[in-house]
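The values are calculated or read from the model by the stated rules, or taken from the named source; none is laboratory data. Being a predicted model, the structure only gives us computed values, none of them experimental. Counting neighbours? That spans all protein chains shown, and the Cβs are built from the backbone with ideal geometry, glycine included.
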Amino acid sequence: MDLRQLRHFMALATQLNFTRAAELACITQSAFSRSIQGLESDLGCSLVQRSSRGVGLTKKGEELYLRAARLLADANHLRDSLGAGALPGDGASLCFGSGPLVIARLVPDALATFLGHFPRATVDLKVDKPSTLLALLDEGEISFLIADLRHMEIGTRHLVRPLRFRRFGVFCRRGHPLAALAEPSFGQIAHYPRVASMLPKELLAALNQRWGLEGPAVNMETSYNDLLGKIVRRSDAVAIAPQEMIEPLVQSGHFHWLRCTDEPPLFEDGGACLGIVQRSEQPLSEAARCMIEALLDADDSLPETTPGKAAYNLTNQLAL
């Protein structure tokens, strides 16, 4: 039995589907199945049971799930603490996850602060959708994550630190036909190509409803936020993005912020409920604690485009 097999088992326990779990582990399904079978052989018991209704855990599997989560968390902490326990000039190790929404500005600002404290640190930043990041957290692959909370299955085993809501806006290049209008209407944007950062599902639905188009609300969504400025500057496309991303682009002098008076309410009310999530039983290394504090400070230092911290109602009682 090794940590790799335990991580594969944790992926299967969270997904309850061999195909999805193998994809999460980035190996073929046949190799994944052999890994689970090898683990069962090493332990001398069945861990999963298959039926017409799908895959489930046996009693031994449920017991291993609880123990494996602690083992992998301890292994992850050991990896971080061996480096982070040394002096800042020595090498530290940090592995965390981020959703695409905050990778444009919040995470880079915080990383700049973090690297000032740990100049020789090794950082492994995993950018993915929130559900995938939560699975990595539960498997002990990352120390914590920062992402939109609303579509994640947060439970009592998690600790959450809320961040401010994000407001959104629309920008275009200087010289764009819409830039000449004093008060462009939101409907006029629909006549031009539209690109966007990865948008919350609710905001994307609101755009579809407002524009009433046949087809998608945007021509392209991307987690590579730096593409937006390059596309917009060279075309008549308009881009939808968080305001914290738009502000430095406008300050460069190459872009224009389209402030429409009839924007969807979600543009102002948020559209994303962000938080930092960690495992409640997993102690954080010095490096991880430093990075979380840097994220919180960077969040507070962003331009005051939002009314305050997110008020997020979780179905479970969480210790914040």
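Tabulated values for the structure
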| quantity | calculated |
| --- | --- |
| Some residue of region 134-142 being at pLDDT 90 or above and under 13 Å from M291 (Cβ atoms) | yes |
| Residue under evaluation H117, criteria (1) within 29 Å of Q243 (Cα to Cα); (2) under 16 Å from the mean Cα position of the chain (by Cα); (3) not aliphatic (A, V, I, L, M), criterion not met | (2) |
| Residues satisfying the stated conditions in region 117-165, i.e. in contact with a Phe, Trp or Tyr (Cβ under 6 Å, 6 or more places away or on another chain) and in a loop (DSSP other than H, G, I, E, B) | I142, S143, L149 |
| Scan of region 230-262 for residues that are over 14 Å from R194 (Cβ atoms) and either charged (D, E, K, R) or in contact with a Ser or Thr (Cβ under 6 Å, 6 or more places away or on another chain) (or both), ordered by number | K230, R233, R234, Q243, E244, E247, R259, D262 |
| Enumeration of residues in region 16-33 that are at pLDDT 85 or above and not β-branched (V, I, T) | L16, N17, F18, S33 |
| Identity of the residue in region 189-212, of a type in the set (A, V, I, L, M) and in contact with a helix residue (DSSP H, G or I) (Cβ under 6 Å, 6 or more places away or on another chain), that ends up farthest from V107 (Cα to Cα) | A190 |
| Close pairs from region 80-107: first modelled with pLDDT of 55 or more, partner basic (K, R) and assigned to a helix (DSSP H, G or I), Cβ under 6 Å, at least 6 apart | S93/R79 |
| Residue among L228, L181 that is farther than 30 Å from Q15 by Cα, surrounded by fewer than 19 Cβ atoms within 10 Å (Cβ to Cβ) and outside the structural domain of F96 (by TED's automatic domain parsing) | L181 |
| Unmet requirement for G175, which otherwise passes all of (1) surrounded by 14 or more Cβ atoms within 10 Å (Cβ to Cβ); (2) part of a loop (DSSP other than H, G, I, E, B) | (1) |
| Conditions (1) hydrophobic (A, V, I, L, M, F, W, C); (2) in contact with a helix residue (DSSP H, G or I) (Cβ under 7 Å, 6 or more places away or on another chain); (3) crowded, with 16+ Cβ neighbours inside 10 Å: number failed by I240 | (2) |
| Qualifying positions in region 184-213 - of a type in the set (K, R) and surrounded by 15 or more Cβ atoms within 10 Å (Cβ to Cβ) | R194, R210 |
| Test for I154: is it surrounded by 21 or more Cβ atoms within 10 Å (Cβ to Cβ) and under 30 Å from A69 (Cα atoms) | no |
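One line per residue, one yes/no per condition, for (1) touching a residue at least 60 places away in the same chain (Cβ under 8 Å); (2) aliphatic (A, V, I, L, M):
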position	(1), (2)
V170	yes, yes
G175	no, no
S185	yes, no
K201	no, no
A206	yes, yes
R233	yes, no
Q243	yes, no
I246	yes, yes
F255	yes, no
